[in-house]
Amino acid sequence: MTEIVTAGILVIGDEILSGRTKDKNIGFIAEYLTNIGIDLKEVRVVSDDEPDIVAALDALRKRYTYVFTTGGIGPTHDDITADAVAKAFGVKIDHHPEVVARFQERFGADLNEARLRMARIPDGADLIQSATILAPGFKIDNVIVMAGVPTIMQAMMDIVAPKLKSGVRMLSDTVKANAREGDVGGPLRDIAKAHPDTIIGSYPFMDEQGKPNTNLVVRSRDQDKLNAAMEAVKAMLATINAPK
């Protein structure tokens with residue numbers, strides 16, 4: 001049986017919870033993981049509070065193959081993600097000599113205590129860095145710690161993704177129902193029950209004429225099973241939409 005690889009996302013930051021900053025990372029990570037065969041199962045958002053971060057991290061890393069965190073690895077006093085990760089794993093945290101050397105080369109006399117905070121890495125973690133990323137993320141066990149700034153986070157995903165194990169990619173197919181969601185709900189439930197190895201979803205929207213419509217999406221890791229379920233969906237729609 002093919003292994004299912006799963007993931008959770010932990011978004012860290014008071015600025016997200018207050019609404020001051022609008023998250024732009026969840027959707028990117030979700031799509032990225034789907035494309036490499038990793039199922040995103042859960043997203044949590046927590047404040048810049050160490051006990052909350054540790055508790056959420058412990059729950060997620062025990063439940064899923066991987067946990068991706070964003071935010072809290074900058075130079076200010078409330079950037080405490082690295083400390084919280086170290087505490088969750090029960091390891092020490094200190095300035096990483098390789099990162100310090102890069103900072104010394106980059107900042108020279110302007111290298112201060114705040115900037116050095118970004119060089120603090122938990123013991124045993126592998127750096128996520130490149131020539132274009134000044135302050136690195138890191139990976140420790142199944143936890144991948146990344147920046148909250150979208151462009152930097154995206155670069156970190158590109159670096160770490162080839163090192164992750166992945167499962168069979170989820171396939172999908174979509175059909176426009178030309179019907180309201182309430183009209184297809186019952187028959188769709190019966191089809192889903194008859195095709196247990198698929199995931200069938202309905203997504204209402206307003207079409208070009210301003211009328212309520214629904215997209216029906218069938219997903220499966222098996223192309224034949226996806227095709228069979230989609231044929232059943234199309235047959236159901238043909239019946240519903242047939243002239244009365």
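Please identify which residues in the range 187-225 have an amide N closer than 18 Å to a label point set 7 Å out from the Cα of ARG180, following the Cα→Cβ vector. Backbone N within reach: 187-189, 202-216.
Using Cβ point charges alone (K and R +1, D and E -1), the dipole size of the chain about the Cα centre works out to roughly 680 debye. Candidate cross-link partners of LYS193 among the lysines, defined by an alpha-carbon separation under 23 Å and a same-chain spacing of 8 or more, comprise LYS41, LYS176, LYS225, LYS234.
Only beta bridges with both residues in the chain are counted; by DSSP, about 60 percent of them are antiparallel. For the residues SER220, SER47, SER130, a GNM of the chain with alpha-carbon springs under 10 Å puts the largest fluctuation on SER130.
Each residue of the range 14-28 was assigned a 3J(HN,Hα) from its phi angle through the Karplus expression (A = 6.51, B = -1.76, C = 1.60, θ = phi - 60°), giving 4, 5, 6, 5, 7, x, 5, 10, 8, 5, 10, 9, 4, x, 4 Hz with x at Gly and Pro. Helical content of the chain, expressed as a calculated mean residue ellipticity at 222 nm, amounts to -11500 deg cm²/dmol (DSSP H runs of 4 or more residues, -39,500 (n - 2.57) each, divided by residue number, nearest 500).
When restricted to Cα atoms, the range 87-145 yields an Rg and a Dmax of 11.8, 37 Å, respectively. Normalised radius of gyration (Cα atoms, divided by 2.2 N^0.38 Å) for the range 164-235: 1.19. Each Lys and Arg Cβ is given +1 and each Asp and Glu Cβ -1; about its Cα centre, the range 171-240 then shows a dipole of about 100 debye. Our coupling estimate for the range 220-231, obtained by passing each phi through the Karplus curve with A = 6.51, B = -1.76, C = 1.60 and θ = phi - 60°, is 6, 8, 10, 4, 5, 5, 4, 4, 5, 5, 5, 4 Hz, Gly and Pro reported as x.
When the alpha carbon coordinates of the chain are projected onto the principal axes, the ranges are 80, 43, 33 Å, largest first. Annotation: amide H-H contacts under 5 Å for TYR66 (H modelled 1.01 Å from N, sequence separation of 5 or more, or interchain): THR6, ALA7, GLY8. Computed from the C-beta positions of LYS234 and LYS62 and an R0 of 51 Å, the FRET efficiency is 0.80 to the nearest 0.05. When the P(r) is computed for the range 42-153, the part past 23 Å accounts for 23% of the Cα-Cα pairs. Ranking ILE191, ILE73, SER47 by Cα position along the charge dipole of the chain, where only Lys, Arg, Asp and Glu carry charges on their C-beta atoms, puts ILE191 farthest toward the positive end. Around the amide H of ASP48, modelled in the peptide plane, lie the amide H atoms of GLY13, ASP14, all under 5 Å away and 5 or more residues distant in sequence or on another chain. Looking at the range 1-146, send over the antiparallel percent of its DSSP beta bridges, to the nearest 5. For the range 1-146, the DSSP antiparallel bridge percentage is about 35.
Residues whose amide H falls under 5 Å from that of MET170, counting only those 5 or more places apart or on a different chain, are GLY37, with hydrogens built in the peptide plane.
FYI, it's all coordinate maths here, none of it is from the lab. Treat the numbers as computed from the prediction; the structure is a model and nothing was measured. Cβ coordinates were reconstructed from backbone atoms using ideal geometry, including for glycine residues, and neighbour counts include every protein chain displayed.
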